[in-house]
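In what follows, a structure is listed as structure tokens, so that the remarks can point back to it.
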Amino acid sequence: MSASTEPSTENRADNNFESVKHVILVLSGKGGVGKSTVATQIALGLQLTGKKVGLLDIDLCGPSTPTMLQLEDQDIHQCTQGWVPVFTDSSQTLAVMSIGFLLNNRDDAVVWRGPKKNAMIKQFIEDVSWGERDYLIIDTPPGTSDEHITVVENLRHRENVDGAVLVTTPQAVSVGDVRRELAFCRKTGVRVLGIIENMSGFVCPHCKECTNVFSSGGGEALAIETGVPFLGKHILCYGLLASKY
């Protein structure tokens, strides 16, 4: 890795987080549901409304955000407040941090045990100098394990944490895993802002007919059953599927 990992101070962590107005976690109990895509879309959507946004990718074993935003060749620099995030353009309205920026090769695997992962996540939360941000979107790995407990413990006392958005695909096996993620949120006191049903249909770019490749309605049914707001459905986008990374 190409950046220093010196320990942070509590004052530095407080200063970095005080400049962020709203923090939103993006969670899913299952991998492959498009969680990182949804997190990126939320960040870009907020940016388009004129907000200053940060996007923190703490999926250490699968950092896809640099690829999605075409930032793979960018490097992390340091300032007196910690790490300076990567900006997507000169307006600096979208700032991004990911372990992908710290790897010498984009194909390198992060083969770490829990304690080292937890230390890196803690450093990402404390040591990134976001500047003035309206929103910070945190893209998390799938599951309900050490990484998620570390995130919750480091954010629990922060007043600017709004809650979590849960992402699922429509089929039963994914909905079941997201149900467990919902239970995790309730046990740890994380407010659930709502559920998004991703990959809910594919619209043919030629005939415009919608085919429910992975079924439809599972996420919405879970939201109704559990009394959680349903935030909507995302279809499979041909333009995104056809993108070359």
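Here's a check for you: in segment 156-169, which residue that is modelled with pLDDT of 90 or more and farther than 16 Å from Val228 by Cβ is surrounded by the most Cβ atoms within 10 Å (Cβ to Cβ)?
My answer is Thr169.
What single numbered condition from (1) open to solvent by 50 Å² or more (accessible area, probe 1.4 Å); (2) under 21 Å from Gln74 (Cβ atoms); (3) at pLDDT 90 or above fails to hold for Asp127?
Of everything listed in (1) open to solvent by 50 Å² or more (accessible area, probe 1.4 Å); (2) under 21 Å from Gln74 (Cβ atoms); (3) at pLDDT 90 or above, Asp127 misses just condition (1).
Restricting to segment 170-190, name every residue that is acidic (Asp, Glu) and either surrounded by fewer than 17 Cβ atoms within 10 Å (Cβ to Cβ) or touching a His at 6+ places or on another chain (Cβ under 9 Å) (or both).
Within segment 170-190, Glu181 is the sole residue that qualifies.
When both residues are 6+ apart or on different chains and their Cβ atoms are under 9 Å apart, which pairs have a first residue that lies in segment 166-192 and is without any contact (Cβ under 8 Å) to a residue 12 or more places away in the chain and more than 21 Å from Gln41 (Cα to Cα), and a second that is open to solvent by less than 40 Å² (accessible area, probe 1.4 Å) and in a strand (DSSP E or B)?
Here the result reads Arg186/Val192, each pair linking segment 166-192 to a residue that is open to solvent by less than 40 Å² (accessible area, probe 1.4 Å) and in a strand (DSSP E or B).
Quick check: anything in segment 18-29 in contact with a Pro (Cβ under 7 Å, 6 or more places away or on another chain), in a loop (DSSP other than H, G, I, E, B) and surrounded by 20 or more Cβ atoms within 10 Å (Cβ to Cβ)?
Checked segment 18-29: at least one residue is in contact with a Pro (Cβ under 7 Å, 6 or more places away or on another chain), in a loop (DSSP other than H, G, I, E, B) and surrounded by 20 or more Cβ atoms within 10 Å (Cβ to Cβ).
Can you name the number of the only condition in (1) open to solvent by 20 Å² or more (accessible area, probe 1.4 Å); (2) not in a strand (DSSP E or B) that Leu193 fails?
Among (1) open to solvent by 20 Å² or more (accessible area, probe 1.4 Å); (2) not in a strand (DSSP E or B), Leu193 violates only (2).
So, in segment 200-243, of the ones that are open to solvent by 80 Å² or more (accessible area, probe 1.4 Å) and either of a type in the set (Phe, Trp, Tyr) or at pLDDT 90 or above (or both), which residue ends up farthest from Asp177 (Cα to Cα)?
Selected residue: Tyr238.
Quick check on this structure: which one of Gly194, Gly201 is in contact with a Gly (Cβ under 9 Å, 6 or more places away or on another chain) and either over 20 Å from Gly31 (Cα atoms) or of a type outside the set (A, V, I, L, M) (or both)?
Gly194
The values are calculated or read from the model by the stated rules, or taken from the named source; none is laboratory data. The structure presented is a predicted model; accordingly, all values stated were derived computationally and were not measured. All Cβ positions, glycine included, derive from the backbone under ideal geometry; neighbour counts span all protein chains shown. Ligands, DNA and RNA are excluded from the accessible area calculation, which covers all protein heavy atoms including side chains. Shrake-Rupley method; radii C 1.70, N 1.55, O 1.52, S 1.80 Å.
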